[in-house]
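These notes concern the structure reproduced below.
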Amino acid sequence: MDPHEFLDGGTVRVAPATYAVCRVEAPVASAFATVRDDTETTVVVDEAGGVPEAATDVSRGWRRLTFEMELPFELVGFLAVVAGELADAGVSIFALSSYSTDHVLVDDGDVAAARRRLEALGCTVT
């Protein structure tokens, strides 16, 4: 499977919310995403809902781009293509995957550049 076949004609939705990526001691029930590993817990929260008071580190101003397509586990290199294209445009990403699709967070100021690059790949960005 070629990742470009999923991108060409695929839809990417830009969430209206602005998110914060936070390092916390414990998960936050209202978080969009929680990542726990051996050394830390990271949550992604909608800034309008409030950044957890207990957050030890916070990076604000992220926008979520969701690839509205079912991505099979056998698909190799999808995020590599997306990350490479956005890197070439000077856009840093914070990547998250769910069971069926991927999300990338980009700085609010980079949304337009990300949109242009994804549209060049054949995506419809809404």
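Tally time: how many residues in the range 84-102 are in contact with a strand residue (DSSP E or B) (Cβ under 7 Å, 6 or more places away or on another chain), farther than 14 Å from Phe6 by Cα, crowded, with 16+ Cβ neighbours inside 10 Å and not aromatic (Phe, Trp, Tyr)? Here the count works out to 4.
On the stretch given as the range 15-34, residues that are closer than 17 Å to Ser98 by Cβ and either touching a residue at least 60 places away in the same chain (Cβ under 8 Å) or in contact with a His (Cβ under 7 Å, 6 or more places away or on another chain) (or both) total 3. The residue that is surrounded by the most Cβ atoms within 10 Å (Cβ to Cβ), among those in the range 9-46 that are in contact with a Gly (Cβ under 9 Å, 6 or more places away or on another chain), modelled with pLDDT of 95 or more and not hydrophobic (A, V, I, L, M, F, W, C), is Tyr19. One residue stands out in the range 36-76 among those that are in contact with a Pro (Cβ under 9 Å, 6 or more places away or on another chain) and not in a loop (DSSP other than H, G, I, E, B): the one that is nearest to Thr18 (Cα to Cα), namely Arg63. Condition first: among the hydrophobic types (A, V, I, L, M, F, W, C) and within 23 Å of Val45 (Cβ to Cβ). Now tell me which residues in the range 84-119 satisfy that. Listed by number, the residues that qualify are Leu86, Val91, Ile93, Phe94, Ala95, Leu96, Val104, Leu105, Val106, Val111, Ala114. Residues satisfying the criterion are present in the range 90-110 (criterion: in a helix (DSSP H, G or I), farther than 21 Å from Thr34 by Cα, free of Cβ contacts under 8 Å to residues at least 60 places away in the same chain and in contact with a helix residue (DSSP H, G or I) (Cβ under 9 Å, 6 or more places away or on another chain)).
Scan the range 103-124 for residues that are small (Gly, Ala, Ser) and surrounded by 15 or more Cβ atoms within 10 Å (Cβ to Cβ) and report the count. I'd like the intermediate steps shown before the answer.
Taking the range 103-124 as the starting set, the residues that turn out to be small (Gly, Ala, Ser) are 109, 112-114, 120, 122.
If we keep only those that are surrounded by 15 or more Cβ atoms within 10 Å (Cβ to Cβ) too, we end up with 113-114.
So the answer is 2.
Taking the range 55-69 as the range and being modelled with pLDDT of 95 or more and out of contact with any Gly (no Cβ under 9 Å at 6 or more places or on another chain) as the test, the residues that pass are Asp57, Val58, Ser59, Arg60, Trp62, Arg63, Arg64, Leu65, Thr66.
The values are calculated or read from the model by the stated rules, or taken from the named source; none is laboratory data. Because the structure is predicted, anything quoted here is derived from the model rather than measured. Reconstructed Cβ throughout: ideal geometry from the backbone, glycine too, with neighbour counts over all protein chains shown.
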